[in-house]
Amino acid sequence: MFKRPRGTRDFLADEMSKRRTAEQILRATFESFGYKEIGTPTFENLDLVTAKSGEDIVEHLYCFKDKGGRDIALRPELTAPVMRLYVNELQRTPKPVKLYYFGNCFRYERPQSGRYREFWQAGIELIGTDRAEGEAEVIAVAFDVLKNLGLKDFELHIGHIGILRKILEESSVPENEQNSILNTIDKGDGEELEGLLHRLGVMEEDREKLLKILELRGQEKEVLPGAYRILEGSKALEELKRFEMILDLLKVFDVEFTVNLGIARGLDYYTGMVFEIYANRLGAEKQICGGGTYSLVETFGGEDTPSCGFAFGFDRLLLALELEKKGVQVECKTRFFVVPTDQKLLKDAMKISVIVRKIGPCEIDLMGRKLKKAMAYASNHEIPFVFIVGEEELRRGMVILKNMGTGEQREVEIARLTMDR
RNA sequence: GCCGCGAUAGUUUAGUGGUUAGAAUCGGGGACUGUGGAUCCCCUGACCCGGGUUCGAUUCCCGGUCGCGGCCCCA
């Protein structure tokens, strides 16, 4: 007996069918906004991954030396490969560049609910514009995905790291220190954060500002006036105005959201708007989507270009759907089943199946079963139509077509099979 | 990396320090010879792996593996 490697899954037919259906909805949504699919390798050079996420993540990677001694990593996410592809191939294409991807990723993590070692991500990257309408569109695409999938119980939280960075900048905190502060914010440890701010010599006034801003969470109307008050006279005010502009545009798309200025996403490359989507029923791993405005092109050797994007955790998305309703619909793809009344008519039945297959997916009994058992098979598999090939009908060039839903049956002319319907 | 719970046919499970390890369901066949998930009958099929305790371990103990939930992490 061979077992699956830890944290991997087999997908049976029904599940695979659901996954494909959901995948189609994601693709259609991305394409409805004009994003084009791209593909990148399943493995990349290790340094691509560490360039984006640091040396420490090697712990969480599937990586190895290949036979040529190269350090290789199975991709742990898709933003870095897409950025590499952009820098390699697309820097000179008309802006904005609108890309989407769907693919499996690998992380060496302890598996738990909604977390696997091989998992699927789907997302978009909008490269080359830093306008509010671009940022708003990116959020709208994510929201549309959920609407089109029929997911109901989720929360979309939007924040803005630009505001936080500006406050720190005013307090003369250098960028790398900003990053460690944002990291600490992301962890949600208030004491550690205060300690860190002290150590870095952030002035009392700015510290208060920051902490107050981080607490702001709720409906736009309730939160924004407070934010304006806190940031009065600050350089961060400009960022706040920009944030408001994005939120304002989101109303055009009928996107429902919660303002949450405490989102830091803990990543050094985020520069402006950031958002996360949570499926409340999922438990510990409830974040199904994350994204924002970032600056990464330079990291991969390109000319600094503003970008914005997000990634969905596809597996979690399906889990959330499954918990909410019946999930995604599964139906039998086979339309027709052909069965002879006697084994000596097998060849005739096979010939008919060849003809019928031109009309739609068609199966034929492969077990040498008697009519009754074959009918039971078709019935069990919810195949809607059965062709019964009988000796007497065959002599007249006819075959019986039975509708398994209604139980009705009639004779049809074999010669006309592909013409009817 | 850490904590808790678990592991018996494909699936859901019962049970035991010495048993032919029981059932349901699924699968295959038959009763049914030209018509459906019914009924009845037959068949196939299981104690996660390694070590220890013991005359004897599927059962008790330890370790591993895998699963579930959580912590850390989450690009």
Exercise for the section: Report whether or not A:PRO340 is assigned by TED's automatic domain parsing to the domain that holds A:SER295 and surrounded by 15 or more Cβ atoms within 10 Å (Cβ to Cβ). Expected result: no
Handout entry: Pairs, first assigned by TED's automatic domain parsing to the domain that holds A:MET375 and within 14 Å of A:ALA378 (Cβ to Cβ) in the stretch A:391-406, second within 7 Å of RNA strand B (Cβ to nearest atom) and part of a loop (DSSP other than H, G, I, E, B), C-beta under 7 Å, six or more apart
Key = A:ILE400/A:GLY390
Practice task
Filter the stretch A:386-421 down to the residues that are more than 10 Å from RNA strand B (Cβ to nearest atom) and of a type in the set (Val, Ile, Thr), then identify the one that is surrounded by the most Cβ atoms within 10 Å (Cβ to Cβ).
Solution key: A:ILE414
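Looking at A:VAL297, A:VAL354, A:VAL259, A:VAL255, which is the one that is among the β-branched types (Val, Ile, Thr) and not assigned by TED's automatic domain parsing to the domain that holds A:ARG19? Before you say what the answer is, go through the steps one by one.
Working: A:VAL297 fails: not assigned by TED's automatic domain parsing to the domain that holds A:ARG19; A:VAL259 fails: not assigned by TED's automatic domain parsing to the domain that holds A:ARG19; A:VAL255 fails: not assigned by TED's automatic domain parsing to the domain that holds A:ARG19.
Criteria check complete, one pass: A:VAL354.
Quick check: is even one residue across the stretch A:160-182 under 20 Å from A:VAL255 (Cα atoms), assigned by TED's automatic domain parsing to the domain that holds A:VAL82 and surrounded by 20 or more Cβ atoms within 10 Å (Cβ to Cβ)?
At the first step, the residues of the stretch A:160-182 found to be under 20 Å from A:VAL255 (Cα atoms) are A:160.
In the following step, the residues that additionally are assigned by TED's automatic domain parsing to the domain that holds A:VAL82 were identified as A:160.
After this cut, where a residue has to be surrounded by 20 or more Cβ atoms within 10 Å (Cβ to Cβ) as well, the list is A:160.
Yes, that holds for at least one residue.
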Problem - Near pairs, Cβ below 6 angstrom, 6+ apart or cross-chain, from the stretch A:216-228 (assigned to a strand (DSSP E or B)) to any residue that is surrounded by 12 or more Cβ atoms within 10 Å (Cβ to Cβ) - result: A:ARG217/A:ASN260
Problem - Subset of the stretch A:12-44 (residues that are of a type in the set (Ser, Thr, Tyr), part of a loop (DSSP other than H, G, I, E, B) and away from RNA strand B (no atom under 16 Å from the Cβ)) - result: A:TYR35
Fill in the blank from the handout: Listed by range, strands (runs of 3 or more DSSP E) wholly within the stretch A:45-146 having at least 3 residues that are over 20 Å from the mean Cα position of the chain (by Cα) and not acidic (Asp, Glu) are A:63-65
Handout entry: Tally of residues being under 30 Å from A:TYR278 (Cα atoms) and either of a type outside the set (Asp, Glu) or in contact with a Leu (Cβ under 6 Å, 6 or more places away or on another chain) (or both) across the stretch A:318-372
Key = 11
Exercise for the section: Just one of (1) more than 10 Å from RNA strand B (Cβ to nearest atom); (2) of a type in the set (D, E, K, R); (3) farther than 17 Å from A:GLU303 by Cα; (4) buried (at least 16 other Cβ atoms within 10 Å of the Cβ) trips up A:LYS65, so point out which. Expected result: (4)
Completion exercise
Of (1) modelled with pLDDT of 90 or more; (2) in a helix (DSSP H, G or I); (3) out of contact with any Gly (no Cβ under 9 Å at 6 or more places or on another chain), A:LEU197 satisfies every one except (1)
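Of A:ASP56, A:ASP71, which residue is surrounded by fewer than 12 Cβ atoms within 10 Å (Cβ to Cβ), of a type in the set (Asp, Glu) and within 16 Å of RNA strand B (Cβ to nearest atom)? Quick ask: steps written out before the conclusion?
Numbers: A:ASP71 fails: surrounded by fewer than 12 Cβ atoms within 10 Å (Cβ to Cβ).
None of the other options fit; the residue is A:ASP56.
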Completion exercise
Here the qualifying pairs (Cβ atoms under 8 Å; residues six or more apart or on different chains; first in the stretch A:12-26 and closer than 20 Å to A:GLN121 by Cβ; second hydroxyl-bearing (Ser, Thr, Tyr) and surrounded by 17 or more Cβ atoms within 10 Å (Cβ to Cβ)) come out as none
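I'd like to check something: does the stretch A:84-94 contain any residue that is away from RNA strand B (no atom under 14 Å from the Cβ) and of a type in the set (Ser, Thr, Tyr)? Break it down stepwise before answering.
Here is the first cut: in the stretch A:84-94, the residues away from RNA strand B (no atom under 14 Å from the Cβ) are A:85-94.
Restricting the remaining residues to those that are of a type in the set (Ser, Thr, Tyr) gives A:86, A:93.
Looking for residues that are away from RNA strand B (no atom under 14 Å from the Cβ) and of a type in the set (Ser, Thr, Tyr), one finds at least one in the stretch A:84-94, hence yes.
Specify the residue that is nearest to A:GLU331 (Cα to Cα); the eligible residues are those in the stretch A:348-384 that are aliphatic (A, V, I, L, M) and near RNA strand B (Cβ under 8 Å from one of its atoms). Explain how you work it out, then say what you get.
Quick first cut of the stretch A:348-384, residues aliphatic (A, V, I, L, M) only: A:349-350, A:352, A:354-356, A:359, A:364, A:366-367, A:371, A:374-376, A:378, A:383.
Those left that are additionally near RNA strand B (Cβ under 8 Å from one of its atoms): A:367, A:371, A:375-376, A:378.
Numbers: A:MET367: 23, A:LEU371: 24, A:MET375: 19, A:ALA376: 18, A:ALA378: 14 Å.
Looking at residues that are aliphatic (A, V, I, L, M) and near RNA strand B (Cβ under 8 Å from one of its atoms), I get A:ALA378.
Would the stretch A:251-264 turn up any residue that is within 15 Å of RNA strand B (Cβ to nearest atom) and under 18 Å from the mean Cα position of the chain (by Cα)? I'd like the intermediate steps shown before the answer.
Of the residues in the stretch A:251-264, the ones within 15 Å of RNA strand B (Cβ to nearest atom) are A:262-264.
Subset that is under 18 Å from the mean Cα position of the chain (by Cα): none.
No - not one qualifying residue is present in the stretch A:251-264.
Here are A:LEU193, A:LEU231: which of them is touching a residue at least 24 places away in the same chain (Cβ under 8 Å) and surrounded by 16 or more Cβ atoms within 10 Å (Cβ to Cβ)?
A:LEU231 is the lone residue from the list that is touching a residue at least 24 places away in the same chain (Cβ under 8 Å) and surrounded by 16 or more Cβ atoms within 10 Å (Cβ to Cβ).
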Practice task
Spot the failing condition for A:GLU31; the list is (1) surrounded by 15 or more Cβ atoms within 10 Å (Cβ to Cβ); (2) within 19 Å of the chain's Cα centre (by Cα), and only one is missed.
Solution key: (1)
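The values are calculated or read from the model by the stated rules, or taken from the named source; none is laboratory data. Since the structure is predicted, the reported quantities are computational estimates derived from the model, not experimental observations. Using ideal geometry, Cβ is built from the backbone for each residue, glycine included, and neighbour counts are taken over all protein chains shown.
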